[in-house]
Amino acid sequence: MLGAVPLQPGRAQTGVFYTKSLKSLLFAPKGLWLRCWRCPLSPSLPPSSDYFCLGTFLLSCGSRPARGSSGKMAAPMSRGSRGPEPGAAPYGNFPNYSRFHPPEGRVSLLPQGLLRSLFPAATRPLLGLDVGCNSGELSVALYQHLVGLQQSDSSGKELNLLCCDIDPELIRRAQQSSPFPASISFASLDIMDSGAREAFLSSYLERFGRSSFDIGFCMSVTMWIHLNHGDRGLLEFLALLASLCTFLLVEPQPWKCYRAAARRLRRLGRADFEHFRSLRINGDMAESVTRILTQECAMELVCSFGSTSWDRSLLLFRSTSAHAEGSDRAGASHIPGLLGKEAELGIPESPLGPELDFPWESEARSVCD
């Protein structure tokens, strides 16, 4: 056990048990709140720890939770959230995402002056597109890092960033808290809805006399597109981004996150992701995304900036063809060449087999969105 903090005597408190094994829980000292570095509630412990969350419990000092009631394992609740998390977010629209996946983990991997090195002589302002921005904390952090700002003193001369998410409530929060309203725009948009997407993006680009974005960001979004729209949806999504952006920064979730997301839905008694069991694009997802973008979407891998503590790679791609005026913003020019070419891309022909599922496994591993 590690990092024990006493509960206040005589008060019932919400605590989170962390342990290395189920056996350890049975012998946990009474009245202790055991904490772990992997949880956003207790980030101070060293990364070398290997202790895992076993669920949220209502504790009283000097007693363990009773069986069958408050002692039942449940999805962790965050103060002020709209429901249990992380399970109740089938599109990745976690209400408190930045609390358990802070922006600093990605931004710190990007070199200073990246934007100027990519576009040394380009006309300003540059245009950026952030797909799946959640409530905007990472979008703001990326903007500040890329333009070299610490305070909200930007007038939009360097970069104008359009951020979209499928969840209107998250977008409302982002709009209300944005420190750069003149430079960062937040909009509710289902990027996979071609009708809504084409009209909205065209309107935005036309304001600047442009037909494409200079740089795009796709941070921990590919899995949610893949789970909800299948292999075809992932191919279409990547082709769309390739047609829209000169540079593209992608953070693909690894395959273990797919399995964790599916387990969480099952534990909440919800239907599994429609496409999960039949996905033929699986395994090393960073490699698969790279192969699709470079072989079929006219992009090249410029740089891998390393991996976050969550084992997610940050990959920067560049279009190998100039975005001429009138280029296809829907990405359809790439899609016909992609569909039906799974074998050429090295994608297995057989779907996934049955998955081993332990009743405690989801809670006993770190949150993986």
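Read-outs throughout are calculated quantities, based only on the coordinates presented, and are distinct from any laboratory measurement. Since the model is a prediction, treat every value here as computed from it, not as a measurement. Don't worry about glycine lacking a Cβ; one is built from the backbone with ideal geometry, like all the others, and counts go over all protein chains shown.
Classify the range 117-216 from the C-alpha gyration tensor, please: rounded if a/c falls under 1.5, else prolate or oblate depending on whether a/b exceeds b/c.
Since a/c reaches 1.5 but b/c is at least a/b, the shape of the range 117-216 is classed as oblate.
Tell me, what is the FRET efficiency for Lys256 and Arg116 to the nearest 0.05, using R0 = 51 angstrom and their Cβ-Cβ distance as r?
The calculated FRET efficiency here is 0.90.
With each label point set 7 Å from Cα along the Cα-Cβ vector, what nm distance links Ser278 and Gln176?
Placing both labels 7 Å along Cα→Cβ, they lie 4.1 nm apart.
I'd like the FRET efficiency for Arg318 and Glu104, computed as 1/(1 + (r/R0)^6) with the beta carbon distance as r and R0 of 22 Å, rounded to 0.05.
0.30
For Glu169 and Ser202, FRET efficiency with R0 = 30 Å and r from the beta-carbon atoms, rounded to 0.05?
The formula returns an efficiency of 0.70 here.
Taking the Cα-to-Cβ direction at Asp311 and at Arg210 and moving 7 Å from each Cα, how far apart do the two end points lie in nm?
If labels sit at Asp311 and Arg210, their model points lie 3.6 nm apart.
Report the label-to-label distance for Arg266 and Tyr91 in nanometres (one decimal), using points 7 Å from each Cα along the Cα→Cβ vector.
Modelled inter-label distance: 2.5 nm.
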